[in-house]
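In what follows, a structure is listed as structure tokens, so that the remarks can point back to it.
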Amino acid sequence: QVQLVESGGGLVQPGGSLRLSCAASGNVFGINVINWYRQVPGQQRKLVARITRGGSTNYADFAKGRFTISRDNAKNTVYLQMNSLKLEDTAVYYCNAEYGLTSLDYWGQGTQVTVSS
């Protein structure tokens, strides 16, 4: 009922910035929360940030002060602005939607972020 497509990943030097996008389509009316997760191969997928239907936000400790989650409802898109990037931010970043009254999960395909000198 909903499709998510991430974009904006790439190669960046330490201290640099990237802005990731999560474009939602389908029955977007039913989306209550959008989360950004990230995953390094061999490790558990980890929550980075989330934004609710009402616009409230939450961040993982490692993201506070560096990352900002925002949305453009007219474009059905959520963004993750990442500044002051560190080597340990290297991961595949995934968009996740909590959908409907029972909070069904939908996932995008992921976008690779590589921070390297």
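The values are calculated or read from the model by the stated rules, or taken from the named source; none is laboratory data. Values in this document were obtained by computation on a predicted structure and should not be read as measured data. Cβ coordinates were reconstructed from backbone atoms using ideal geometry, including for glycine residues, and neighbour counts include every protein chain displayed. Surface areas here come from the heavy atoms of the whole protein model, side chains and all, with no ligands, DNA or RNA. Shrake-Rupley method; radii C 1.70, N 1.55, O 1.52, S 1.80 Å.
Annotation: of all residues in the stretch 8-23 being within 13 Å of THR114 (Cβ to Cβ) and either without any contact (Cβ under 8 Å) to a residue 12 or more places away in the chain or outside any strand (DSSP E or B) (or both), the one that is most open to solvent (accessible area, probe 1.4 Å) is GLN13. Going by what's in this entry, would SER70 be described as without any contact (Cβ under 8 Å) to a residue 24 or more places away in the chain and more than 13 Å from the chain's Cα centre (by Cα)? Here the answer is no, as SER70 does not meet what is asked.
Just a yes or no: is a residue in the stretch 45-59 among the aliphatic types (A, V, I, L, M) and over 12 Å from the mean Cα position of the chain (by Cα)? Within the stretch 45-59, none of the residues are among the aliphatic types (A, V, I, L, M) and over 12 Å from the mean Cα position of the chain (by Cα). Of all residues in the stretch 24-79, those satisfying the criterion of being open to solvent by less than 50 Å² (accessible area, probe 1.4 Å), assigned to a strand (DSSP E or B) and of a type in the set (A, V, I, L, M) are ALA24, ILE31, VAL33, ILE34, VAL48, ALA49, ILE51, ILE69, VAL78. Among the residues of the stretch 93-117, the one identified as more than 10 Å from the chain's Cα centre (by Cα) and within 13 Å of VAL48 (Cβ to Cβ) is VAL113. For the stretch 87-104, give me the residue count where each residue is open to solvent by 60 Å² or more (accessible area, probe 1.4 Å) and in contact with a strand residue (DSSP E or B) (Cβ under 6 Å, 6 or more places away or on another chain). Going through the stretch 87-104 one residue at a time, the tally reaches 1. Among the residues in the stretch 93-101, are any farther than 21 Å from PHE29 by Cα and out of contact with any Ser or Thr (no Cβ under 7 Å at 6 or more places or on another chain)? Looking for residues that are farther than 21 Å from PHE29 by Cα and out of contact with any Ser or Thr (no Cβ under 7 Å at 6 or more places or on another chain), one finds none in the stretch 93-101, hence no. Scanning the stretch 73-117 for residues that are of a type in the set (Gly, Ala, Ser), farther than 17 Å from LEU20 by Cα and at pLDDT 95 or above gives a single hit, SER116. Taken together, the criteria place GLN43 among residues that are without any contact (Cβ under 8 Å) to a residue 12 or more places away in the chain and closer than 17 Å to GLY110 by Cβ.
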